[in-house]
1. Would you kindly derive the ³J(HN,Hα) couplings of region 253-261 from the backbone phi angles with the Karplus curve 6.51 cos²θ - 1.76 cosθ + 1.60 (θ = phi - 60°), listing them in order in whole Hz, with x for Gly and Pro?
2. Which ordering of 232, 332, 373 is given by a fewest-first count of other beta-carbon atoms within 10 Å?
3. Take 169, 164 and order them by how many other Cβ atoms sit within 10 Å, fewest up front.
4. When a footprinting reagent is the concern and you count Cβ atoms within 10 Å, what order do 237, 256, 217, 129 take, fewest first?
5. Direction-averaged shadow area of the convex hull around the Cα atoms of region 94-426, nm²?
6. Could you compute the FRET efficiency for residue 220 and residue 333, with r as their C-beta to C-beta distance and R0 at 41 Å, rounded to 0.05?
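Derivation of every value follows stated rules applied to the coordinates shown; laboratory data play no part. Predicted model only: the values in this text are computed from it and were never measured. FYI the Cβ positions are ideal-geometry reconstructions off the backbone, even for glycines, and counts take in every protein chain you see.
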Amino acid sequence: MRTANNVQSIEITDSNHQIPNKSPIPIVQTDDQVLVRLPRGFSLQQLGHDSRKSARFRFDREEDSLESPAMTFSNSSILVLFLTASCSTPVLCIGEVNKAEQIAPGVYFHEGDLKGHGHCNNGWIIFEDYVLVVDGNFPSGALEIIPKIKAITDKPIRFAFDTHHHGDHAYGNQVWVENGAVPVAHTGVIDEMKKYETGYYGGKPGRWEDTAKNRLDVAASKLKPPTLLYNKDMIFDDGKHRVELLHFGVAHTHGDGFAWLPKEKILFTGDACVNGPYNYMGDGDSKQWIKTLAAAKKLGAQTICPGHGPMGAAQVLDDQQSFFVELRKEVKKYAGRKPEEVMAAVGESKAALLKHKPIARYVGDFFTAQVEKVYVEMGGKPFQPQSALIDLRKQHAHEHGKELVKGEDPRSKPQDPEKLQHQSSK
Ligand SMILES: [Zn+2]
């Protein structure tokens, strides 16, 4: 068992040998109890632990998943669990959607409601004099978490760090400003905004205007590019907490920032690392993304708070990187072939990647678009006519909360996939 303040990790041994490696997962220690949230997909069949019978043992489930139990043990318990995996694609995870989780003293993680509202994940760190929030989210996402922060602390929210320029991470900036915070980002975020937010910079309508057609929360707010910028890094340190805002190069975008907490060994990655099938690759570069993740891995983080999907251990960073390595290997087999041949082989490529258990959870609806992106990076021509576009539309619908098609939620209007066709703000 490793320890970093009160965030630790334990190793789960898969007695069915379906998990290739021992998978460390983070645990959260509070007073006299230890919360262990098991990887999604695990069922508890064998638990070599006395507290299974004790009254303090608690077993509950994440609301949106029947296979993501959490357990509470007494702190003195021996934390060696022998579990049986019932699912071949484990997702290292902790926490639940829309719930603020304290992951270290004064450090919180909040998994956003991606399915329902297109929200990204957030984090916040309570310093002696102020609160630093990780990620601006959509306006409705910012409004979702501000009361949660205020319920925990009366320190003013002073800074909102955009991990990148995408709408679900930066369009909430105006809301943060109205609540007293300054939006902070790597300079690359401004470069990206100048590229895509042409409406704001005096040109033709850009992504904000497109998104505003489909989201009431965006329509009711306005674009606020970050005003406090860093080139190399920016450090917040009050002697107790230290947060380093970093940048390691191109990944998901050309301006990906990371928030690194060296004392707690917690890394907030934005969408440079996600935990699930959420990789939008349109604004990035897969080859450089792999290098950027390699640099991030050198930090030695033990807890990864991804841009989307549940929080996990260091392995999430490994798996995210492996996904791109394997994807590129797979697409490389078809380099030099005609686009239609590559397109026709997407099913095979998908099957090949799904065989790699640690990365299978990254393979999802956007796979065709991901293959196309890598193929184009390797010198190929875009697919014709539209197969990847269908995936892109799905991507965008997903981002903007397609599940709200009935339009019941005042914060996000129903989505029209046709309108989203040319829109690329994820
Ligand atoms: Zn993004």
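1. Per-residue couplings from phi come out as 9, 9, x, 6, x, 10, 10, 10, 10 Hz.
2. Details: 232 9, 332 12, 373 24.
Ordered from fewest to most neighbouring Cβ atoms within 10 Å, 232, 332, 373 come out as 232, 332, 373.
3. If I rank by nearby Cβ atoms, fewest first, I get 164, 169.
4. Result, fewest neighbours first: 129, 237, 217, 256.
5. 15.6
6. 0.30
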